[in-house]
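*Asks:* What follows is a structure written as structure tokens; I'll ask about it next.
Laboratory data are not the source of any read-out in this text; all were calculated from the coordinates shown. Treat the numbers as computed from the prediction; the structure is a model and nothing was measured. Every residue, glycine as well, gets a Cβ built from its backbone with ideal geometry; the counts of neighbours run over all protein chains shown.
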Amino acid sequence: FYIRRLYLRIQLYEMDAAGPAIKHEFHGDCFNRPIASAPDAWFDVVERYSNDYNKTLKLTKKTSRCLNLGSYNYLGFAASDEYCTPRAIETLKKYSPSTCSSRVDGGTTDLHNELEECVANFVGKPAAIVFGMGYVTNSAILPVLMGKGGLIVSDSLNHNSIVNGARGSGARVCVFQHNTPAHLEEVLREKIAEGQPRTRRPWKKIIVIVEGIYSMEGELCKLPEIIAICKKYKAYTYLDEAHSIGAVGKTGRGVCELLGVNTADVDIMMGTFTKSFGSCGGYISGSKELIQYLKYTCPAHLYATSISPPAAQQIICAIKVLLGEDGSNRGAQKLARIRENSNFFRSELQKMGFEVLGDNDSPVMPIMLYNPAKIPAFSRECLKQNVAVVTVAFPATPLLLARARICISASHTREDLIKALEVIGRVGDLVGIKYFPAEPKKA
Ligand code: PMP
């Protein structure tokens, strides 16, 4: 009821802002759920037009092909790839799409072991365990790692899979201000002094959870400072690299590589394969003892069907391309390309007067809309001009911090990006979201 009422308000606001001439179409994205009969880019069935998700995507019931600025396909591996695709197809023929078994009941093939070894080597940890879904990796692992008498200190903007995993663990959960090491220290100091509720005994275990790149902010984690605090207060660090592994760092090894952090200083490294690797699933990487413990105790390992073999092969191949083990330098080119594309797009948006969140090198680029009433107008006008963007708002963001979230890929060409900038520039003027003066164009 509350959500519907809020929607009516948004409708009225937009009528005020745009006048009655605009036919209202609402994006379900606003509340992450579809609104009855509202045409919606992200709940409509999309058709793929090229073999590359980032280029063209046709929204059914509409005729236009769009440039996709919403996909997490950071390195363009979610496309037909000369190295990955034939091998994934061979694997499909050899092993079928599913093992139809859990890891401990005949669902472990040589590929599953190879994948775990490959991931551990790539991220720079002694061992790894893989799961069929990234979301489940967080939500199933945290209850195994933590329990009653434990303390979880979580960044206030951590992903929902972390929030659910933390809640389900039975540990005490505290939140620190987003990416603010000083506040993390304050929370740790206070909670350690208080001890466990009622008994006042010391916490059995303390874990601090952060993300490498925050998915709604595009911001890099202040990892070196956070690690120093964790060491000082004897807390474990848990780093979710869903948006940073493969996407940043000279060789794609994520925020540790980018920020010069030794991976030995991060106790638990988590990541997903749905972004840079163009596949599906997730991993936890850490010490041999930790991974062994998880393999014997984690229900998602014991009772869930193992990751699909072709998906596993896709990840192994994508990592080999990144390491140059396919015999080409395509991996290095992709990494250089995503960095150039991201930095180019961000600086051009800023020059036009948009307020863009996030840090350099981050492929995640939120453009601030602020007023939720601007969401439908912005996304609809972009869509009309064949550019598909994702818009996010409450409850994924605070109510008055609505934004359009652009994700840049190595497979976007310079022409794609220039076209998208022209469209976003025009729509920005129309909707009134250029909050800063534009930089004069060089002659
Ligand atoms: N962690 C973070 C930070 C994410 O953004 C996401 C999803 N985008 C996940 C975990 C879940 O990953 P998946 O979509 O691969 O299940």
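*Asks:* Expressed as an acute angle from 0 to 90° and rounded to the nearest 10, what is the orientation of the C-alpha long axis of helix 2-18 relative to the principal long axis of the chain?
*Replies:* 40
*Asks:* Would you report the distance distribution of C-alpha pairs in region 84-323 as whole percents per 5 angstrom bin, up to the bin with the largest distance?
*Replies:* 1, 7, 15, 19, 19, 16, 11, 7, 4, 2, 1, 0
*Asks:* Can you give me the long-range amide H partners of Glu211? Hydrogens built in the peptide plane at 1.01 Å from N, cutoff under 5 Å, separation of 5 or more residues or another chain.
*Replies:* HN-HN under 5 Å from Glu211: Asp240.
*Asks:* Starting at the first residue of region 334-349, write each ³J(HN,Hα) from the Karplus equation 6.51 cos²θ - 1.76 cosθ + 1.60 with θ = phi - 60°, in whole Hz, x for Gly and Pro.
*Replies:* So the Karplus estimates, Gly and Pro as x, are 4, 5, 5, 5, 5, 5, 4, 4, 5, 5, 5, 5, 4, 5, 5, 4 Hz.
*Asks:* Can I ask one more? Do any of Lys125/Lys231; Lys125/Lys234; Lys222/Lys419 go past 23 Å between their Cα atoms, and which?
*Replies:* Lys222/Lys419
*Asks:* At a threshold of 8 angstrom on Cα-Cα distance, excluding pairs fewer than six apart, so keeping six or more, what relative contact order does the chain reach in percent?
*Replies:* Over the chain, the number comes to 21 percent.
*Asks:* On a full-extension model of 0.36 nm per residue, what is the gain between Glu114 and Glu289, subtracting their alpha-carbon distance, rounded to one decimal in nm?
*Replies:* Taking 0.36 nm per residue and subtracting the Cα distance, the gain is 61.1 nm.
*Asks:* Using 14 Å as the cut-off for backbone N distance, which residues of region 391-434 belong to the label zone defined by a point 7 Å from the Cα of Glu355 along Cα→Cβ?
*Replies:* 398-404, 432-434
*Asks:* Then there is this: What FRET efficiency do you get for Lys94 and Arg167 if R0 is 51 Å and r is their Cβ-Cβ distance, rounded to the nearest 0.05?
*Replies:* 0.80
*Asks:* While we're on this one: For region 132-188, what class follows from the C-alpha gyration tensor (a ≥ b ≥ c being the square roots of its eigenvalues): rounded when a/c is under 1.5, otherwise prolate if a/b is larger than b/c, else oblate?
*Replies:* oblate
*Asks:* What 222 nm value per residue comes from the helices of the chain, counting each DSSP H run with n ≥ 4 as -39,500 (n - 2.57) and dividing by all residues, nearest 500 deg cm²/dmol?
*Replies:* Calculated mean residue ellipticity at 222 nm is -12500 deg cm²/dmol.
*Asks:* Okay, next question. Calculated FRET efficiency, Ser347 and Thr305, Cβ-Cβ r, R0 56 Å, to nearest 0.05?
*Replies:* The pair Ser347/Thr305 has a calculated efficiency of 0.80.
*Asks:* Let me ask something else. Would you please give the residues with an amide H less than 5 Å from that of Tyr49, counting only those at least 5 places away or on a separate chain, with H modeled from the backbone geometry?
*Replies:* The answer is Thr56, Leu57, Lys58.
*Asks:* Using θ = phi - 60° and the Karplus relation 6.51 cos²θ - 1.76 cosθ + 1.60, list the HN-Hα couplings for region 195-201 in order, rounded to whole Hz, with x at every Gly or Pro.
*Replies:* x, 5, x, 6, 6, 6, 5
*Asks:* Still on this model: Angle between the Cα long axis of helix 181-194 and the longest principal axis of the chain, 0 to 90 degrees, nearest 10?
*Replies:* 40
*Asks:* Say R0 is 22 Å: what FRET efficiency, to the nearest 0.05, do Tyr435 and Thr180 get from their beta-carbon distance?
*Replies:* Given R0 = 22 Å and the Cβ-Cβ separation, E is 0.40.
*Asks:* Please list, in chain and number order, the residues 5+ apart from Val387 or on another chain whose amide H is under 5 Å from its amide H, with Hs placed from the backbone.
*Replies:* Leu67
*Asks:* Once both axes come from the Cα atoms, what is the angle between helix 134-145 and the longest principal axis of the chain, in degrees from 0 to 90, rounded to 10?
*Replies:* Long axis of 134-145 versus the principal axis of the chain: about 40 degrees.
*Asks:* First obtain the Kirkwood hydrodynamic radius of the chain from its Cα pairs, then insert it into the Stokes-Einstein equation at 10 °C and 1.306 mPa s, and state the resulting D in µm² per second as a whole number.
*Replies:* D, rounded to a whole number, is 69 µm²/s.
*Asks:* Which whole-angstrom value gives the distance between the alpha carbon centres of region 205-278 and region 372-421?
*Replies:* About 26 Å separates the Cα centre of region 205-278 from the one of region 372-421.
*Asks:* Once the other residues with Cβ under 14 Å from the Cβ of Ser161 are scored (Lys, Arg +1; Asp, Glu -1), what is the net sum?
*Replies:* With Lys, Arg at +1 and Asp, Glu at -1, the neighbours total -2.
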